[in-house]
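The values are calculated or read from the model by the stated rules, or taken from the named source; none is laboratory data. Predicted model, so just to flag it, every value in this text is computed and none were measured. Neighbour counts run over all protein chains shown; Cβ positions are idealised from the backbone, glycine included.
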Ligand SMILES: [Zn+2]
């Protein structure tokens, strides 16, 4: 486990500073010299690295050698299984996206593996690539995903249990990694977004449901079964609105995309996306402002609970909540000042995700990258 954490930390140090020397990797990660050297040799043997002269040291004594990720050594794929569409994104081994394509939503769980395979084949053919070039595949979907990559249930799809990792590994090999979409999005903030140098944060986002990720002390906190972070089903209102999960009063029943769409409709407005909701608020329509003010207060209650429970140094607001942040955060902050422990609030920075404003989620690529960067892959989660 320690070995895996070291390998991941070293890989990302190299990714974020191409040409970094082994000594600088040690300084940046705090990992001892012999471990850095052993892990680099293993990455080298896998063909993931190339060695380069460290330009920064030119003319300062003995030239030292740096390493960087060999971006051309293969491809990574990120597959986002959404209720409305299937998205396939390819990237170099450094995680930089190269191409993205969209396909129709998967019709049922029985056709899921075949549908994903067909989409991957079409995407690769479009870019003139082959499956042999693909070194890692990250898959994200909404629902409860356990540590082995099984989807336990999903109220978004109304699918039963599906062994997502097992079925896709049968087709693509051991290079497949699967996670819940919100946890993937949280990991993407750590690898590509606003938490590059942040070891502790709570992530919350909203799409068809409200999800979250607990990134604590340098790693995803997964919980007993592997489903930790289901922030959307924390209870906010006693005897409250019925949630997609069947219970009442969940956070998701108030600030998910469908819940907000219903609230807008109840106020006599039509808004089918977060962008449309934002557009109505920008026009200063009082009913729209009223709906978002109420939603912001609910968000503030949820954030107060995180602060009081976890004392996180950072909270990242993502998904549709990031799009609507200019309208949700003022009421949320009002509630935070009332309900969060003042000391906890004073030591918490609330960040608004920029990645969430991109048209396609980066979570699946983050999961693929995390899987690629761990050595001795054993088929478990790439945390
Ligand atoms: Zn619920």
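Inside segment 252-269, can you point out the residues that are more than 16 Å from the ligand (Cβ to nearest atom) and either outside the structural domain of residue 289 (by TED's automatic domain parsing) or out of contact with any helix residue (DSSP H, G or I) (no Cβ under 7 Å at 6 or more places or on another chain) (or both)?
261, 265, 266
Within segment 333-369, can you find the residues that are farther than 30 Å from residue 84 by Cα and either at pLDDT below 95 or assigned to a helix (DSSP H, G or I) (or both)?
The answer is 333, 334, 335, 336, 337, 338, 339, 342, 343, 344, 345, 346.
I'm trying to understand the selection: among the residues of segment 46-65, which are at pLDDT 85 or above and in a helix (DSSP H, G or I)? Reasoning before the result, please.
Our first condition is that a residue be at pLDDT 85 or above; within segment 46-65, this holds for 47-52, 65.
Passing the criteria: none in range.
Among the residues that make up segment 229-250, is at least one of them closer than 21 Å to residue 308 by Cα, in contact with a strand residue (DSSP E or B) (Cβ under 6 Å, 6 or more places away or on another chain) and more than 12 Å from the ligand (Cβ to nearest atom)?
yes
Given segment 66-171, what strands (runs of 3 or more DSSP E) lie entirely inside it while holding 2 or more residues that are buried (at least 18 other Cβ atoms within 10 Å of the Cβ)? Reasoning before the result, please.
Values: elements: 75-81, 85-92, 97-104, 134-141, 151-153.
Because the criterion is at least 2 residues that are buried (at least 18 other Cβ atoms within 10 Å of the Cβ), the strands (runs of 3 or more DSSP E) in segment 66-171 that meet it are 75-81, 85-92, 134-141.
Within 28 Å of residue 231 (Cβ to Cβ), within 16 Å of the ligand (Cβ to nearest atom) and in contact (Cβ under 8 Å) with a residue 40 or more places away in the chain, is that true of residue 157?
yes
Could you list, in sequence order, the residues of segment 327-337 that are in contact (Cβ under 8 Å) with a residue 24 or more places away in the chain and out of contact with any helix residue (DSSP H, G or I) (no Cβ under 6 Å at 6 or more places or on another chain)?
To start, the set of residues in segment 327-337 that are in contact (Cβ under 8 Å) with a residue 24 or more places away in the chain comprises 327-336.
329, 330, 333, 334 - these are the residues of segment 327-337 that are in contact (Cβ under 8 Å) with a residue 24 or more places away in the chain and out of contact with any helix residue (DSSP H, G or I) (no Cβ under 6 Å at 6 or more places or on another chain).
Being in contact (Cβ under 8 Å) with a residue 24 or more places away in the chain and either touching a strand residue (DSSP E or B) at 6+ places or on another chain (Cβ under 9 Å) or outside any helix (DSSP H, G or I) (or both) is the filter here, so list the residues in segment 26-45 that pass it. Explain how you work it out, then say what you get.
Filtering segment 26-45 for residues in contact (Cβ under 8 Å) with a residue 24 or more places away in the chain gives 31, 35-36, 39-40, 42-43.
Answer for segment 26-45, where residues must be in contact (Cβ under 8 Å) with a residue 24 or more places away in the chain and either touching a strand residue (DSSP E or B) at 6+ places or on another chain (Cβ under 9 Å) or outside any helix (DSSP H, G or I) (or both): 31, 40, 43.
Hey, among the residues in segment 1-23 that are in a helix (DSSP H, G or I) and in contact with a strand residue (DSSP E or B) (Cβ under 8 Å, 6 or more places away or on another chain), which one's farthest from residue 68 (Cα to Cα)?
In this case the residue turns out to be 5.
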